[in-house]
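So the structure is just underneath, and the comments pick up after that.
A short reminder: the numbers here are calculations on the coordinates, not readings from a lab. These numbers come from a predicted model, not from an experiment. Quick reminder, even Gly has a Cβ in these numbers, built from the backbone with ideal geometry, and neighbours come from all protein chains shown.
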Amino acid sequence: MRHDHSAVVIGGGIGGLVTAARLAKAGYEVDLVEKNADVGGKMGRVCFDDCTFDTGPSLITMPFVLEEFFALMGTDLQAEVPLQPINPACHYRWLDGTTLNVPFALDDVARAIATISPEDGPAVERYLADAEFLYNATKDVFLFNRFDGFREFLKPRNLPLLRTLPRLRFTSTLHKVHASLFTSSKVVQLFDRFATYNGSSPYLAPATLMVIPWVEFGYGAWYPTGGIYTIAEAIARAAAAAGVRIHTSTAVDSIDVVDGRAVAAIAGSQRFEARHIVSNIDVSHTRRQLLKQATAPARDLSMSGVVLLLSVEQEDFGLAHHNVFFSEDYQREFTALFTEKQLATDMTIYLSRSCASDSSQAAPGRENWFILVNAPAGIELTAEQEHAYAQAVLDRLAHYGVRPRVRQMQVRTPSFHARLWNAEGGAIYGRSSNSMFAAFLRQQQRSAAVRNLWYVGGSAHPGGGVPLVTLSGSIAAREIVASDAHTFVHSR
Ligand SMILES: Cc1cc2nc3c(=O)[nH]c(=O)nc-3n(C[C@H](O)[C@H](O)[C@H](O)COP(=O)(O)OP(=O)(O)OC[C@H]3O[C@@H](n4cnc5c(N)ncnc54)[C@H](O)[C@@H]3O)c2cc1C
């Protein structure tokens with residue numbers, strides 16, 4: 001075991017890259033070991049038929065989180081990945097022909113929603129103000145710092161949070177709050193949808209998730225010219241510039257633990273030793289496969305997805321960059337996904353066409369369509385079922401007046417996702433937030449069971465999504481540096 005300032009990061013997702021970069025910047029010797037040929041993890045990219053497709057995230061919010069990361073690395077977000085605002089932020093369409101463009105600017109959101117439900121305009125304004133309060137009251141405890149579970153409430157600095165507990169709405173579901181505030185079922189559905197931003201159900205998740213719509217409307221929907229994957233490339237560049245040694249196509253098989261302390265990551269015949277071992281892999285996979293612990297499969301997984309990547313002929317269907325086609329019966333859809341663990345037949349369809357904002361992403365006359373349909377984690381589809389479901393999604397789009405002439409298509413299923421990233425059941429966001437205790441049950445950065453083992457990424461605190469895993473990596477790096485400062489001061 002080495003006693004110097006060194007770390008091995010297992011997995012080159014965004015959380016792993018950020019941890020590695022920040023530790024290297026703090027003077028650590030860092031190896032990052034990634035099983036796939038490219039880093040980025042769920043933030044991926046493929047190209048076919050002269051089109052470029054982001055295969056994971058399509059929308060970036062809380063840009064200040066990335067801004068802070070690049071500033072700490074001595075560079076600049078806008079120079080590395082020029083973000084552009086996306087306006088409208090999203091185009092919504094319902095089966096009865098109703099359409100709504102929600103604008104980028106926060107001040108215009110309520111007015112736009114009032115065009116489909118005049119009485120809900122003022123209610124949306126009140127709701128967003130309340131959600132902003134909630135975000136500001138909770139962010140330092142639940143997002144930006146190390147989280148000590150229920151002990152957080154005993155810390156004197158968090159006393160104001162205790163006083164606001166009733167306004168945090170832990171005990172009500174997101175849907176119940178929306179149904180009590182808005183008269184139009186369409187407006188309820190629009191706000192309910194934000195539970196899916198971390199793979200949860202609005203009928204189960206606590207209303208505290210109101211912070212998600214506020215974050216999208218308050219901080220805006222952004223896209224980097226050149227594609228979302230340029231963010232992974234820029235973070236990897238910053239990590240390499242700080243001295244991180246990145247080993248791709250190298251799968252870690254186990255973590256060597258000696259006397260209760262993680263001392264090395266083993267990848268075939270290679271042994272990566274370091275003072276700290278950081279896992280950016282799904283927490284339950286790390287425990288079962290790398291630590292060989294007999295742990296039960298995680299319950300309460302977040303949703304996975306069926307992804308269709310399509311090159312299509314350019315046509316005008318009245319679409320925007322981001323588009324949502326809502327199902328007729330949202331509750332039925334989530335019962336299928338979370339209770340029956342089946343694909344929904346009346347499915348909500350999300351379609352991103354980044355070519356609408358960035359002509360570099362598709363050849364002239366073509367469009368690069370990314371379609372995401374929620375799917376339960378853990379389901380296995382035969383090739384026949386996969387094909388049939390992709391066709392069902394396209395047939396469904398036709399009901400909204402969208403009949404693309406498809407040139408080529410690739411389909412990605414939950415089991416494909418599970419294999420690609422070693423993500424349990426192909427879950428996109430680790431554990432769901434379908435319980436008021438979800439934040440308290442999530443794995444913290446420091447392992448309680450194995451010394452010098454740390455967790456970062458979507459299945460660890462503070463959860464999934466690009467800004468949150470960036471925060472996860474930053475918190476881990478800060479905690480590692482602080483733990484060493486403590487150790488070395490005391491051993492002197
Ligand atoms: C379809 C889809 C849509 C999404 N949409 C959005 C969105 O619009 N906005 C948003 O903010 N977020 C979105 N997300 C979520 C976001 O992409 C993730 O939360 C985030 O990228 C996860 O980062 P992570 O740090 O958890 O690492 P991961 O991406 O989980 O990466 C883990 C890495 O570990 C590697 N690995 C696994 N096992 C091993 C091993 N044994 N040895 C070495 N390496 C290993 C994997 O190959 C992978 O590269 C989406 C995700 C998906 C899949």
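If the chain between Arg299 and Glu273 were fully stretched, how many nm would it gain, using 0.36 nm times the residue separation less the Cα-Cα distance?
6.1 nm
I need to check one value: relative contact order of segment 316-429, counting alpha carbon pairs closer than 8 Å and at least 6 residues apart, in percent.
Numbers: 137 pairs, mean separation 26.1, N = 114.
Once divided by the residue count of segment 316-429, the mean separation gives 23 percent.
Can you tally the lysine pairs in the chain where the Cα-Cα distance is under 23 Å and the two residues are eight or more apart, or on different chains? Could you put the intermediate results ahead of the total?
Numbers: Lys35/Lys292; Lys42/Lys341; Lys139/Lys155; Lys139/Lys176; Lys176/Lys186; Lys176/Lys341.
Taking the Cα cut-off of 23 Å, the pair count is 6.
Please figure out what share of the DSSP beta bridges in the chain is antiparallel and state it in percent, rounded to the nearest 5.
Just about 70 percent of them are antiparallel.
Using 1/(1 + (r/R0)^6) with R0 = 35 angstrom and r between the beta carbons of Ala398 and Phe133, what's the FRET efficiency to the nearest 0.05?
Details: r = 43 Å, r/R0 = 1.22.
The formula returns an efficiency of 0.25 here.
What number, in nm² with one decimal, is the all-direction average of the projected area of the convex hull of the alpha-carbon atoms of the chain?
Numbers: hull surface 90.8 nm².
With the hull built on Cα positions only, its mean projection is 22.7 nm².
Would you mind checking which residues have amide H under 5 Å from Asn101's amide H? H placed 1.01 Å from N; only 5 or more apart, or other chain.
Distant-sequence amide H within range of Asn101: Tyr92.
Mean separation of Cα pairs under 8 Å and 6+ residues apart, divided by the residue count of the chain: what relative contact order is that in percent? Display every interim value, and only then the final one.
Numbers: 1049 pairs, mean separation 118.1, N = 492.
So the answer I get is 24 percent.
Please give the peptides 73-79, 219-225, 259-265, 187-193 ranked by average Cβ packing (other Cβ atoms within 10 Å per residue), highest first, as a rough proxy for protection.
On the way: 73-79: 13.7, 219-225: 20.0, 259-265: 17.6, 187-193: 23.7.
Descending packing order for the listed peptides: 187-193, 219-225, 259-265, 73-79.
I'd like to compare 381-387, 87-93: which one has the highest average count of other Cβ atoms within 10 Å, and what's the full order after that? Could you put the intermediate results ahead of the total?
Values: 381-387: 12.6, 87-93: 20.7.
The packing order, highest mean first, is 87-93, 381-387.
Under 8 Å for C-alpha pairs, at least 6 residues apart: give me the relative contact order for segment 188-322, rounded to a whole percent.
Once divided by the residue count of segment 188-322, the mean separation gives 16 percent.
Could you please state, rounded to a whole Å, how far the C-alpha centre of segment 256-313 is from the C-alpha centre of segment 187-229?
Value for the Cα centre distance between the two parts: 27 Å.
With r as the distance between the Cβ atoms of Gln342 and Glu125 and R0 = 30 Å, compute the FRET efficiency 1/(1 + (r/R0)^6) and round to 0.05. Before the final figure, lay out the partial values.
Working: r = 38 Å, r/R0 = 1.27.
Taking R0 as 30 Å, the efficiency between Glu125 and Gln342 is 0.20.
Hey, what do the phi angles of segment 349-363 turn into as Karplus ³J(HN,Hα) couplings, whole Hz, using 6.51/-1.76/1.60 and θ = phi - 60°, x for Gly and Pro?
Result, ordered by residue: 10, 9, 10, 10, 10, 5, 4, 5, 10, 8, 5, 6, 8, 8, 5 Hz.
Between Asp140 and Glu67, what is the spin-label point distance in nm, taking each point 7 Å from the Cα along the Cα→C-beta axis?
The two pseudo-label positions are separated by 2.0 nm.
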